[in-house]
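The values are calculated or read from the model by the stated rules, or taken from the named source; none is laboratory data. Only a predicted model underlies this, so the values are computations on that prediction, with no experimental measurement involved. When we count neighbours, we look across all protein chains shown, and the Cβ atoms used for this are built from the backbone with ideal geometry, even at glycine. Areas reflect the complete protein model, heavy atoms only, side chains present, ligands, DNA and RNA absent. Shrake-Rupley method; radii C 1.70, N 1.55, O 1.52, S 1.80 Å.
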Amino acid sequence: MMINKKYILIFLAKLAEVYPIGNYKLAPGTLASFISLFIGFYLFKLLGLTNYIIFLFIFILIGYLLCEIHINVYKRKDPKEVVIDEFAGQFIAILSTISSESIFVTFLSLMLSFLLFRFFDITKIGPIKKLESLPGGIGIMADDVIAGLCAFIVQCGILTAFDQQILIKM
């Protein structure tokens, strides 16, 4: 039995949607960010810093390729159902989460990471808006990656000001 290339491309395009999350009617990007918050935190704890950073680079590359496939299959520039970029950005932002024995403190830190990432992703201040206009999958991924980096930097600053130890040792 031969598998049709069209069906493989549709399957890969659905991966860019993190199907069915991207098809959620109300705020699919926010839902994707919230879910990825916990997946990313678990992966970070499981993999450790070095392997998590390697995972991030691979994930971003695969995300870019999946976005390109989605654009080619559905012929739309920046489809709202593509949420793999939210996963990538939130995976970056959680690097600034507090390392604490208290589940409550860790949870609050994760929520701060989530809120900061959503702020930068939604407002697209500074260079983030310009990155979104880049062509193809790079434009879809780049603004969220930079929003994640901005959230990471701001949360590091906030937590450092309060003398808190973050997950990555600086």
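Criterion first (among the hydroxyl-bearing types (Ser, Thr, Tyr), at pLDDT 90 or above, buried (at least 20 other Cβ atoms within 10 Å of the Cβ) and closer than 17 Å to residue 151 by Cα) does residue 33 satisfy it?
yes
In region 102-121, is there at least one residue being touching an Asp or Glu at 6+ places or on another chain (Cβ under 7 Å) and touching a residue at least 12 places away in the same chain (Cβ under 8 Å)?
So far as region 102-121 goes, yes, one or more of its residues are touching an Asp or Glu at 6+ places or on another chain (Cβ under 7 Å) and touching a residue at least 12 places away in the same chain (Cβ under 8 Å).
So which residues in region 78-103 are of a type outside the set (S, T, N, Q), open to solvent by less than 10 Å² (accessible area, probe 1.4 Å) and not in a helix (DSSP H, G or I)?
Correct list: 79, 82, 83.
Confirm whether residue 11 is open to solvent by 70 Å² or more (accessible area, probe 1.4 Å) and within 17 Å of the chain's Cα centre (by Cα).
no
Is it the case, given these coordinates, that residue 19 is among the hydroxyl-bearing types (Ser, Thr, Tyr) and either within 11 Å of the chain's Cα centre (by Cα) or at pLDDT below 95 (or both)?
yes
Considering 74, 52, which residue is open to solvent by less than 20 Å² (accessible area, probe 1.4 Å) and aromatic (Phe, Trp, Tyr)?
Selected residue: 52, the only one of 74, 52 that is open to solvent by less than 20 Å² (accessible area, probe 1.4 Å) and aromatic (Phe, Trp, Tyr).
Applying the selection to region 104-117, what residues are open to solvent by 10 Å² or more (accessible area, probe 1.4 Å) and out of contact with any Leu (no Cβ under 6 Å at 6 or more places or on another chain)?
Passing the criteria: 104, 105, 106, 107, 108, 111, 112, 115, 116.
Considering each of 138, 146 in turn, give the residue that is in contact with a helix residue (DSSP H, G or I) (Cβ under 7 Å, 6 or more places away or on another chain) and surrounded by 15 or more Cβ atoms within 10 Å (Cβ to Cβ).
146
Pairs, please: C-beta under 7 Å, at least 6 apart or cross-chain, first residue over 15 Å from residue 87 (Cα atoms) and in region 53-70, second assigned to a helix (DSSP H, G or I) and of a type outside the set (A, V, I, L, M, F, W, C)?
Going by the 7 Å Cβ cut-off, the qualifying pairs are 68/136; 68/137.
What number of residues in region 114-146 are under 22 Å from residue 97 (Cβ atoms) and more than 15 Å from the chain's Cα centre (by Cα)?
Of the residues in region 114-146, 1 are under 22 Å from residue 97 (Cβ atoms) and more than 15 Å from the chain's Cα centre (by Cα).
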